[in-house]
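Asker: I have a structure here, written as structure tokens, and I will follow up with some questions on it.
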Amino acid sequence: MERLAAWSVHAYTAAGSVLALLMVHLSYDGRVEAVLWLFLVAMVVDGSDGFLARRLRVKEVVPEIDGALLDNIVDYLTYAFAPMVLLWSCGYLPGGAAGGVVACIPLLASCYQFCRSDAKTEDHYFLGFPSYWNVVAFYVIVLELSVATTTAVLLAFAVLVFVPVKYVYPSRTATLWGLNMTLATIWLVLFGLITWQFPDPPLALVVVSLAYPIVYLAESLWLTARTAQRTRGARAALVTGEG
């Protein structure tokens, strides 16, 4: 029974690959709203499968399957690959080969990010921008950003993949865990409400939803600075002690 439950969690995670396939297919069919709904489903799956895996001791019960690798494969497809397909196929990127180049840059940056052994730190943070390209694509679409602005935003976040800022891992970072999970849940609800009213969501609702990404970024920068300060303090104390 334990193995069945554990395998069910892996199947739940793996279902994200099917969601990614549907995202790509519907993107080329021009069904943007449907793709946004699939983004939401994929985020719910990604936000809950880790909890289920830990609760059901999946790593112990089915040790022959690398759940972390499976999660990375699915996340790359749903958080990076499919969003770039959506933006490129639906005209949010430059025309011609230039659009392909712009779409490739986040994908290549995310290849690096997903393969880093320290991409998820021991104290449960993401190191570097955690490839939330689905979130970026969502705001590009609902805010109707221009092609030039979209390109600039994608390039900026691609650079941030390589900048060693520790980003909050909402379901695992211990600091302010309750607040982070509450805000993340509210944001998912707002995501659904905005998508439900697409293609004409109220601008006020979209602006309100931006509060969480802003808080998320500010908190991540604050925690990174605090960690760096503590590290410098510890080194200074060690040097003083040695003196």
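Asker: Collect the residues in region 47-70 that are charged (D, E, K, R) and surrounded by fewer than 19 Cβ atoms within 10 Å (Cβ to Cβ), keeping them in residue-number order. Explain how you work it out, then say what you get.
Answerer: Start the filter on region 47-70 by keeping residues that are charged (D, E, K, R), which leaves 49, 54-55, 57, 59-60, 64, 66.
Scanning region 47-70 gives R54, R55, R57, K59, E60, E64, D66.
Asker: If V163 passes every condition in (1) hydrophobic (A, V, I, L, M, F, W, C); (2) under 21 Å from the mean Cα position of the chain (by Cα); (3) surrounded by 12 or more Cβ atoms within 10 Å (Cβ to Cβ); (4) over 16 Å from L36 (Cβ atoms) but one, which one does it miss?
Answerer: (3)
Asker: In region 46-57, what residues are touching a residue at least 40 places away in the same chain (Cβ under 8 Å) and under 23 Å from the mean Cα position of the chain (by Cα)? Spell out the reasoning first.
Answerer: Taking region 46-57 and keeping what is touching a residue at least 40 places away in the same chain (Cβ under 8 Å), we get 47, 49-53, 56-57.
G47, D49, G50, F51, L52, A53 - these are the residues of region 46-57 that are touching a residue at least 40 places away in the same chain (Cβ under 8 Å) and under 23 Å from the mean Cα position of the chain (by Cα).
Asker: Considering region 129-150 alone, what residues qualify as being surrounded by 21 or more Cβ atoms within 10 Å (Cβ to Cβ) and free of Cβ contacts under 8 Å to residues at least 60 places away in the same chain?
Answerer: First pass over region 129-150, keeping only residues surrounded by 21 or more Cβ atoms within 10 Å (Cβ to Cβ): 129-131, 133-134, 136-138, 140-142, 150.
Once the filter is applied, which keeps residues that are surrounded by 21 or more Cβ atoms within 10 Å (Cβ to Cβ) and free of Cβ contacts under 8 Å to residues at least 60 places away in the same chain, region 129-150 yields F129, P130, S131, W133, V136, V140.
Asker: Hey, A34 hits all of (1) in contact (Cβ under 8 Å) with a residue 60 or more places away in the chain; (2) assigned to a helix (DSSP H, G or I); (3) under 18 Å from C90 (Cβ atoms) but one; which does it fall short on?
Answerer: If we test A34 against (1) in contact (Cβ under 8 Å) with a residue 60 or more places away in the chain; (2) assigned to a helix (DSSP H, G or I); (3) under 18 Å from C90 (Cβ atoms), just (1) comes out false.
Asker: D118 - would you say it is charged (D, E, K, R) and crowded, with 17+ Cβ neighbours inside 10 Å? Spell out the reasoning first.
Answerer: Values: charged (D, E, K, R): yes; crowded, with 17+ Cβ neighbours inside 10 Å: no.
Answer is no for this residue.
Asker: Which residue out of V18, V9 is of a type in the set (V, I, T), closer than 27 Å to A158 by Cα and assigned to a helix (DSSP H, G or I)?
Answerer: On the way: V9 fails: closer than 27 Å to A158 by Cα.
Going through V18, V9 in turn, just one is of a type in the set (V, I, T), closer than 27 Å to A158 by Cα and assigned to a helix (DSSP H, G or I): V18.
Read-outs: derived from the displayed coordinates by stated rules, not from any lab. Remember, it's a predicted structure, so these values are computed and weren't measured experimentally. Neighbour counts run over all protein chains shown; Cβ positions are idealised from the backbone, glycine included.
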